[in-house]
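The values are calculated or read from the model by the stated rules, or taken from the named source; none is laboratory data. Not measured: the values here are computed from a predicted model. No Cβ is skipped: glycine too gets one built from the backbone with ideal geometry, and neighbour counts run over all protein chains shown. Protein only, heavy atoms only, side chains kept; ligands, DNA and RNA dropped before computing areas. Shrake-Rupley method; radii C 1.70, N 1.55, O 1.52, S 1.80 Å.
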Amino acid sequence: MTLTEEQRFGAGLAALGASPGMLRKFLDGYRAPEAWEAIARGRHRADPERRYRDKAVPRILDTVESACARSGVSVVVFGHVHYPRALADDRQAPAVLFSTGDAAVLEGRPRVAVVGTRSATPYGLGVATELGRDLARAGVVVVSGLAVGIDAAAHAGALGVDDGAPTVGVLGTPHDGVTTRSQLALRDALGRRGAVLSEIPPGFHSARWWFAVRNRVMAALAHVVVVVECHHRGGSLHTVAAAVARGVTVTAVPGSVRSPASVGTNRLLVEGAVPVRDVDDVLTAVELCLVTRPDITPPRRPPTPPRSKGPGRREPPLSASQRRVHRALDHDPATLEAVVRRSGLSLGEVSVALEALADAGVAVGVHGRWARPSD
Amino acid sequence: MLACIPSATLHGVDGRSVSVEVHVSAGLPGFTVVGLPDAAVRESRDRVRAALLSSGLGWPSRRVTVNLAPSGARKTGAGLDLPIAMGLLVAGDVLPARCVERTGFVGELGLDGSLRPVPGIASLVAAIDADHIVVPAAVSAEAALVAGERVRAASTVAEVVAALQGRSPWAETAPLRVSPPERKEPDLLDVRGQLVARRALEVAAAGGHHLLFVGPPGSGKTMLATRLPGILPDLVRDESLEVLRIHSAAGASSLGAALARRPPFRAPHHGATEVAIVGGGTSWLRPGEISLAHAGVLFLDELGEFPAPVLDALRQPLEEHVIRVRRARGAIDFPARFLLVGAMNPCPCGEGGLPGACRCSDVMRRRYLRRLSAPLLDRFDLAIALGRPDVEDLLDGPPGDSSAVVAARVRRARALAQGRGVRCNSELGFDTIDGPSTLSADAAALLERRLRSGSLSARGLHRVRRVAQTIADLDGVSGVDERHVAEALQLRAARSTLMTGAGA
């Protein structure tokens, strides 16, 4: 894949190491080749101190171009007809985008950013996976950051749906800056079933601040942001701030008040974020947002609301000892010890009852601890 | 001018008979030791010379050659000092040859002529074929356990010579002590609550099933594990002797000679090296912690912190009850039949991914748990998740059965197992455990459901059946029914924490 002049010089500009804002200024009133030329001659009006003049050597253009070819990355410059319209209106849209997959999947579909902490609890991972899955089923593009934890779970949930909506990852690193095996697998899967975006040219270094900066891209792309789990001062709050600045609806999944991984989300709820219990709540927020956007296909509601109605579920017939053991369980996994004590039965009786309850699907064993299933 | 003295050196925990041949001839004064001696043996020249001179026995200023036969095997340790000295005295005509006829010698010499104890004396005397064996007085009791009346004790080389010439009687052998009574094993009475963990200990002791505790810091893993030896049955005499031989060969402890009646308990720290745990060493191959735990309990706290090579090295002894140490200088089998108790946190912070408490990321949890290989985890028949005990229990909980009561149940269950021809149920072969006769219909149905759902593997099936048999034995019933199988399944449920690594 050879690059056009504009792509070639656009990629070269991105490789100069300027901030996203600076990069936009480089292209403000210039076409990419002109901007490069002006910087290289020290005559660009956005670079009066000629800080980038020495960096703009022709060798960089070749390096970037071959790195793009090697990683199969395509380049699109702000203002080009192929630049994602979803981003084009944003004041802080990236000047140059590097992408794999098909960035056109972003158009015409509702988009929800599912974000959260990398050190997620099993609860958060479960919720993120379910949300990703149900959103993909509803025809919603799941946007996330490809990080481990909540991001990966949301992507994986969406990818798990056979003919679901595509899912889009926004990297805080170059495309070839992904190193762990699980992230590589996810990146490649997203390339096949959606798109992966980055602002940093392949082969070049990223810095930590890029992760915070790329969060604005996720916020700009999303119609609704869902925060699944977030620690006190977690990185997801950057996305939330960027979303608030753009008037994007922020929603959050409530968590245990004792869980440090839910401190951030619970605080968001207190501050007025929309609570999310399941995909229904997200879809409602999306529909509200799309009222003014006839160009976007509204999400498909699942035929029956999946939400459980809480109490009143049909209980299977249980023996007396099974009932006692079942009453001793709740939704927090308890050790066998605790179940034995709460039920007041012997270990043998409890064991038999638990095996039967597990077979009936009204108890689940997790690593030697027992709980009621979470529906 | 030639003398031939029977003696022995240590090879692992076994003795190897060595014939010390000393030749004294005319020629340039000199002293050569041949026959693959190690540094300690080569240095014996200086010790023997000083010891003989300070005992007034003289040193031949002639050419001395010492051969240690068989010359192909390596000789280690200072135990050959005394036989070399005796050989010199005989070959140098200080002592008539008939005095040392059919007499073996073992002992290290001090420069003042005193006899010092050597490690592994019980194994050494067992390897010497002689009518009398002279040993240092300090370890004579230990030697007498094996060689009985044949043992002669002495505390200096001068005493040995005097007694051999019949000028004075042999020293008394020190009296044998059986299991120092002052050592009190921790009692289960101290444990409050923890019904399930106590039960797991009881099942582990009765069936010889390896046990794994998974729980947060402060849940009592160590406290429980240290109480396991207290409910194991006494060692039988053969086991005691073997334990004594191993500990003596390790040079560890019982150079004062005590025959242990209670099973040993070893708890090596996770910083210990592979050699310290499995055995080996540079100068001479020594038994490691797993052999010192032979016939007793090996407790590995913070199992996940042990280096992976150490954990992998455990697999063979767990299966074969023997550890084969292979080194460039030789290969040795050390006995290592121990009951393994592992304890670990479910994740690096210890809270096990529980919402609200755990501070570990998924990646950290996985990395932590990946250290344990599946083959090692497979060896644990019992794995239980522990929680922190209730405050009420700690302050005012009902004490459970004492160790003595539990030990009695364990003894009864073991007697039933011995009726099947094994020491305990964990040693039951496939042919014995596979027989359908003892399994009730609903127990078989439960196992079948678990097999079909994939939560139980073929190997797991046998392990569950063995544990269920132990539980039935503890209940004092002959057949295994659903209760026993269900309990066996529950008592291994925490394995999945470690097999999958991930939460949810």
Checked against the positive end of the charge dipole of chain A (+1 on Cβ of Lys and Arg, -1 on Cβ of Asp and Glu, about the Cα centre), the farthest of A:235, A:361, A:112 is A:235
If the chain between residue B:411 and residue B:423 were fully stretched, how many nm would it gain, using 0.36 nm times the residue separation less the Cα-Cα distance? 3.2 nm
Rounded to the nearest whole Å², what accessible area per residue is found for the protein assembly as shown with the 1.4 Å probe? 42 Å²
If you stretched the chain out fully between residue B:1 and residue B:374, how much longer would it get, using 0.36 nm times the residue separation minus the C-alpha to C-alpha distance? 127.9 nm
Describe numerically, in nm with one decimal, the distance between label points set 7 Å from Cα along Cα→Cβ at residue A:327 and at residue B:442. 2.1 nm
Total accessible area buried between chains A and B, 1.4 Å probe, in Å² to the nearest 100? 2700 Å²
Using 13 Å as the cut-off for backbone N distance, which residues of the stretch B:4-29 belong to the label zone defined by a point 7 Å from the Cα of residue B:69 along Cα→Cβ? B:4-7, B:18-23
Leading residue at positive end of dipole, chain B (Cβ point charges), from B:92, B:24, B:246: B:24
Label residue B:222 and residue B:478 with points 7 Å out from Cα along Cα→Cβ: what is the distance between them in nm? 4.7 nm
Using a Förster distance of 60 Å, how high is the FRET efficiency between residue A:81 and residue B:430, based on the Cβ-Cβ distance and rounded to 0.05? 0.25
Counting only protein heavy atoms, probe 1.4 Å: which residues of the stretch A:320-369 lose 50 Å² or more of accessible surface in the full assembly compared with their chain by itself? A:336, A:337, A:341, A:347, A:352, A:355, A:359, A:367, A:369
So the FRET efficiency between residue A:88 and residue A:184, C-beta based with R0 = 35 Å and rounded to 0.05, is 0.70
Accessible surface of the stretch B:1-147, 1.4 Å probe, proportion on carbon and sulfur as whole %: 52 percent
Taking the Cα-to-Cβ direction at residue B:167 and at residue A:208 and moving 7 Å from each Cα, how far apart do the two end points lie in nm? 8.4 nm
When the accessible area of the stretch A:54-188 is split by element with a 1.4 Å probe, what percent falls to carbon and sulfur? 50 percent
Positive end of the charge dipole of the protein assembly as shown (Lys, Arg +1 and Asp, Glu -1 on Cβ, about the Cα centre): tell me which of B:15, A:17, B:394 has its Cα farthest that way. A:17
Could you please state how large a percent of the accessible area of the stretch A:199-288 is carbon and sulfur, counting protein chains only and using a 1.4 Å probe? 60 percent
What's the average, rounded to a whole number, of partner chain beta-carbon atoms within 10 Å of each residue's beta-carbon in B:480-487? 5
If the only charges are +1 at each Lys and Arg Cβ and -1 at each Asp and Glu Cβ, what is the size of the charge dipole of the protein assembly as shown around the Cα centre, to the nearest 20 debye? 1280 debye
How many angstrom separate the Cα center of the stretch A:315-375 from the Cα center of the stretch B:48-118? 73 Å
For residue A:163 and residue A:233, FRET efficiency with R0 = 41 Å and r from the beta-carbon atoms, rounded to 0.05? 0.55
